[in-house]
Amino acid sequence: MMESSAAEKEQWIENDFAKAVAFQKQGEFDEAEKLYKKIILRQPEHLNAKLNYVILAINTENYVLGKHLCKMILKSGFIDENILVNYSICLIKLDEAAEAESILSEVLAVNPDNHAANGLLARVQLPGIDYLEYLALFHQWLKPKTYLEVGVDEGISLKRVNSNTQVIGIDPEPRINSVLPNNIRIFAAKSDDFFNDNNVSDLFGGKSIDLAFIDGLHRFDEALKDFINIEKYSDEKTVVLVHDCIPLNKATSTRERSTKFWSGDVWKLVLVLKKYRPDLQVFTIPASPTGLSVITNLDKTSNILKQELDCIFNDYLSVEYEQISASKKESLGIIEHGWDSVKEKLSTNNAV
Ligand SMILES: C[S@@+](CC[C@H](N)C(=O)[O-])C[C@H]1O[C@@H](n2cnc3c(N)ncnc32)[C@H](O)[C@@H]1O
């Protein structure tokens, strides 16, 4: 009799669990929550109910509950990457970023390719508006007549352009599915080939490049060649933006890609420019997820970078993340977060 009732109890719990999962899938969170509570009350060790309840708490933005449940699960001895990532999400939302950062770093020490952990850590380290929002602000503020973008992909960053800006986008494999307005021309080519085969000034009807955004192949020498090619078509007011100049950690900032979240070694470009072109003004905005460098005071007559290209490549290929990890702010010229800081920096540099 006793055995049968225990088995029955087990069956009720599993039936309730199946119903709760179905409710959660359908977005009927109140119903799902009632059942998870009931299950956990009857069987506190029901791990799957607690794990699902954490996700429900996050979905319904109840981060206090989410944090409490995560702590309960971790205390019971169940520790895995997902629960630690979910715990970090709750901590970040509850403004406990320092603890989240340390947990995420622990997750990444075990699995450097945990995509969610890398993404969250990037958010924690560079809070505030992201590179796309900064890009939009540059367009709104500078109102460039001409804009050139290396690395277009799905055209998300291209969406920030003004309708009266003449735009050139370059990408060997653009993945744009919508019809673009007439002011935007896409060249399906590697940037090196594009610059070899085209005269940008001619394409822009004799105008210089007012604003450029380098976001192509995530390697410093490729970004450097893009910069050299862009500078040839610059004038004293040209602003060049380079994505991915603040490396998050070693695994995601190497030349060879080994992680889904990957910004490559583009950050070395800032070091190169600071050393070889002290005449340029270079600073870096702490824009999520991996920084946005700004280069002004260009000189289209300068040949130094082109002449030294091989030497630069050989010297900087072996530079390691550890050489800047403790001094990112100074090494990469990272300014305070916020659009006012950017405007102030550009005005001090006489760039605008
Ligand atoms: C990170 S995505 C660009 C994202 C886009 N700028 C945005 O923010 O929405 C990088 C793109 O660079 C392109 N790419 C790779 N090698 C390139 C090259 N040699 N020249 C130009 N683009 C390149 C890739 O095809 C990819 O679409």
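The values are calculated or read from the model by the stated rules, or taken from the named source; none is laboratory data. None of the values given here were measured: they were computed from a predicted structure. Glycine also receives a Cβ, built like all others from the backbone with ideal geometry; neighbour counts cover every protein chain displayed.
Some notes on this structure:
- When T259 is tested against (1) under 21 Å from F195 (Cβ atoms); (2) touching a helix residue (DSSP H, G or I) at 6+ places or on another chain (Cβ under 6 Å); (3) among the polar types (S, T, N, Q), just one condition goes unmet, and that condition is (1).
- Residue selection: E96 satisfies the criterion of being touching a Cys at 6+ places or on another chain (Cβ under 9 Å), modelled with pLDDT of 95 or more and not hydroxyl-bearing (S, T, Y).
- In region 252-352, counting only helices (runs of 4 or more DSSP H) that sit wholly within it, the ones holding 1 or more residues that are in contact with a Phe, Trp or Tyr (Cβ under 6 Å, 6 or more places away or on another chain) and either under 19 Å from N229 (Cα atoms) or among the basic types (K, R) (or both) span 268-276, 304-307, 339-348.
- Selection of region 119-154 for residues being hydroxyl-bearing (S, T, Y) and part of a helix (DSSP H, G or I) yields Y131, Y134.
- Residues (more than 9 Å from the ligand (Cβ to nearest atom), within 21 Å of E133 (Cα to Cα) and not aliphatic (A, V, I, L, M)) located in region 161-177: N162, S163, N164, T165, Q166
- I230 vs. criteria within 24 Å of Q166 (Cβ to Cβ), at pLDDT 95 or above, surrounded by 23 or more Cβ atoms within 10 Å (Cβ to Cβ) and β-branched (V, I, T): yes
- Elements of the type helices (runs of 4 or more DSSP H) sitting completely within region 178-248 and holding at least 3 residues that are under 25 Å from L271 (Cβ atoms), touching a residue at least 12 places away in the same chain (Cβ under 8 Å) and within 20 Å of the chain's Cα centre (by Cα): these cover 220-231.
- A search for C-beta distances below 6 Å between a residue of region 96-122 that is in contact (Cβ under 8 Å) with a residue 60 or more places away in the chain and any residue that is among the charged types (D, E, K, R), counting only pairs 6+ apart in sequence or on different chains, returns H115/K260.
- Region 205-235, subset hydrophobic (A, V, I, L, M, F, W, C), touching an Asp or Glu at 6+ places or on another chain (Cβ under 8 Å) and within 11 Å of the ligand (Cβ to nearest atom), residue farthest from R257 (Cα to Cα): F213
- Restricting L317, L346 to those that are surrounded by fewer than 20 Cβ atoms within 10 Å (Cβ to Cβ) and touching a Ser or Thr at 6+ places or on another chain (Cβ under 8 Å) reduces the list to L346.
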